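Please treat every number below as a calculation from the coordinates, not as lab data. These numbers were taken from a predicted model, which means no experiment stands behind them. Here the Cβ positions follow ideal geometry from the backbone for every residue, glycine too, while neighbour counts run over all protein chains shown.
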Amino acid sequence: MHCHTTISDGYFTPKEIKEIYKDKGYYIVAYSDHELIRDHSDLSDDSFLALTASEFSVDDVKPSFDIPGGENSENAWCARKVIHLGVYAKDPHNTFHPATDNTLFDMWWRAQGRDIGNINCDGYHREYTAESINEMVKRLNENGFLVALNHPSWSLSDMNDYLNVKGLWSLEILNYETERLSGSEYCPYIYDHMVRMGMHNLYCNMGDDNHNKGGSTEHSFGGSTFIGAPTLKYDKVIEALENGNFYCASGKNPPTINALYVEDNIIKIDCSPATDIFVTGMGRNYRNYMTQGKEITHAEFKLEPRDVMFRITVRDKYGNNAHTHFYNVSDFLEK
Ligand SMILES: [Zn+2]
Ligand SMILES: [Zn+2]
């Protein structure tokens with residue numbers, strides 16, 4: 001769901017990305033080059049789907065804490081908050097850039113002498129304020145894009161930032177490249193907090209954010225999203241994403257959730273071999289299937305009204321995690 005190519009600051013061409021990801025068993029790649037929405041339909045075929053996507057950003061102008069050298073020094077960049085939004089076009093051919101001012105490309109890509117052609121945009125000038133960030137999301141939504149909040153830890157986001165963004169479709173709870181670089185980009189707590197504070201329709205996804213520096217695939221294949229679409233058609237995949245028919249999982253050989261269903265007020269999970277299977281409610285009502293180190297492939301939990309909402313985590317013996325989004329208990333509870 002998050003990938004950079006030579007169109008922005010990635011190492012591989014879009015076609016090379018298709019080949020290396022297909023080779024690892026992937027069917028779908030969202031091409032989310034910085035600020036540029038490109039239609040990659042020419043790469044799609046019976047066994048591969050290219051999602052038209054991008055990553056839109058806005059930077060704060062001031063550092064968020066005292067930094068040696070002060071706010072005008074080179075150091076200041078690493079202390080500035082940012083927001084990066086994962087944007088996914090519902091129509092593969094939609095390359096209109098909402099919430100975008102053409103001067104942004106002068107600073108980014110044209111300053112590097114790149115010919116990016118004419119960009120069709122609405123001229124909106126972004127600022128790092130809650131109001132402007134919400135306007136970005138609103139314009140993206142109105143123009144047919146799903147919007148995810150990417151890597152909140154790298155962005156230096158705190159609750160005042162992430163709780164104030166309205167209209168989000170999903171939170172990137174693992175950004176694999178940043179996690180591999182920092183060790184602090186696995187953010188289930190932020191997801192729980194956002195849902196607890198009222199964002200009940202928010203999903204969670206994972207992405208690689210691979211730039212493949214020097215041709216390395218070290219940062220690829222570690223943050224995957226498993227989409228339950230009936231066919232590999234663009235509209236069916238988008239429909240599955242919009243309806244939450246997906247889960248996400250970490251690691252180069254991630255655990256899988258093969259079935260999740262409720263029968264007689266019992267949550268039932270079938271999965272790949274796991275050492276922990278957790279239910280996380282909205283409050284402090286955690287449950288873990290006690291396996292005593294043994295690997296299991298099935299677990300059952302009572303559906304409990306005090307959870308209000310619940311999500312499932314399947315963890316394997318290597319510490320990799322498969323995550324569902326939150327579900328409403330009341331949608332499953334038999335009266
Ligand atoms: Zn980013
Ligand atoms: Zn990125």
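A simple packing score, the average count of other Cβ atoms within 10 Å per residue, orders the peptides 194-200, 318-324 as 318-324, 194-200, with the highest score first. Residue-wise HN-Hα couplings along the stretch 90-96, as the Karplus relation 6.51 cos²θ - 1.76 cosθ + 1.60 with θ = phi - 60° gives them from phi, are 6, 10, x, 9, 7, 10, 5 Hz; Gly and Pro carry x. Taking a ≥ b ≥ c as the square roots of the Cα gyration tensor eigenvalues, with a/c under 1.5 meaning rounded and otherwise prolate when a/b beats b/c, else oblate, which class fits the stretch 165-294? Taking the square roots of the gyration eigenvalues as a ≥ b ≥ c, the stretch 165-294 is rounded. Neighbour counting of Cβ atoms within 10 Å sorts the residues LEU174, LEU232, LEU241, fewest neighbours leading, into LEU232, LEU241, LEU174.
The shape of the stretch 117-225 comes out oblate: with a ≥ b ≥ c from the C-alpha gyration tensor, a/c is at least 1.5 while a/b does not beat b/c. For the peptides 13-21, 149-157, 113-121, residues were scored by their other Cβ atoms within 10 Å and the scores averaged per peptide; the highest-first order is 149-157, 13-21, 113-121.
The slack between LYS62 and ARG114, meaning 0.36 nm per residue of separation minus the straight C-alpha distance, is 15.9 nm. Take every Cα pair under 8 Å whose residues are at least 6 apart in sequence, average their separation, divide by the length of the chain, and the relative contact order is 12 percent. Assuming R0 = 22 Å, can you tell me the calculated FRET efficiency for the pair ARG180 and TYR286, based on Cβ-Cβ distance, to the nearest 0.05? Computed FRET efficiency for ARG180 and TYR286 comes out at 0.20.
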